[in-house]
Amino acid sequence: MKHLIKVAPLAFALVSHFVTTAAPAATGNNSVLVIQGYQLLSRGAVGPAIDTLSRAVRQVPGDASARRYLACALLQKGLAAEAVTQLKAVLLIEPGQASDLVMLGDACFYAGKLNDAVAAYKEALRVDPSCGQALAGLAQTCFNMGNLGRAAEICRQGLALTSDSQARQKLTALAGKISARNSVALSTADHQRDGGAR
């Protein structure tokens, strides 16, 4: 049985934004399945959405929208590795969209592939240097990898570059965590330097 992960706010915000703002257009038989999958996903019926969107992908493997929405559903279900597979296929079909690269970064992050997440976020930033979600994802990934200095630098850069309010909230919260962790480290170092006497 697959272990389900809870999709953290970073990925969920992107998935929710994508599902609520990017409804597919209706043309052809496969599009009917994609629209049905989209509607199921937007109502929170993730399992049936996965089934419907999987049928759409089997029917037309080159349908980027079907794969994109399937990746969204898989992320919501906590199946990050499967979402990575779908998003890599999307990028072969329609390369270079920052939102797809950010979602790939998020999926890699939740699949535990932190180096791949960094690469995806950096590629998203190459496409759109002010992409707030990519900056927030990259900062969080660096933080999780223990690179607090780089994470803090990205937070500062992101807060200066992006107007995306959700990304700004994430960057501000992460900057606070970094500051708190640095304060604890300094306090511990002072305590050790003083020989434990206080």
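The values are calculated or read from the model by the stated rules, or taken from the named source; none is laboratory data. In this text, all values refer to a predicted model and were calculated from it rather than measured experimentally. The protein model used for the area step is the full one, side chains on, heavy atoms only, and it has no ligands, DNA or RNA in it. Shrake-Rupley method; radii C 1.70, N 1.55, O 1.52, S 1.80 Å.
Tabulated data for the structure shown
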{"item": "Prolate/oblate/rounded label for segment 53-92 (Cα gyration tensor, a/c 1.5)", "result": "oblate"}
{"item": "Full-extension gain in nm, N115 to S183, via 0.36 nm per residue minus C-alpha separation", "result": "21.7 nm"}
{"item": "Rounded, prolate or oblate (a/c below 1.5 giving rounded, otherwise prolate when a/b exceeds b/c) for segment 62-173 by Cα gyration tensor", "result": "prolate"}
{"item": "Chain lengthening between R126 and N147 when straightened (0.36 nm per residue, less Cα-Cα)", "result": "5.5 nm"}
{"item": "Three-way shape label, segment 63-114, alpha-carbon gyration tensor, a/c 1.5", "result": "oblate"}
{"item": "Accessible-area composition of segment 33-125, carbon plus sulfur, in percent [1.4 Å probe]", "result": "53"}
{"item": "Taking segment 26-74 and dividing mean pair separation by its residue count, relative contact order in percent (alpha carbons under 8 Å, at least six apart)", "result": "37"}
{"item": "Average accessible surface area per residue within segment 71-139, 1.4 Å rolling probe, Å²", "result": "35"}
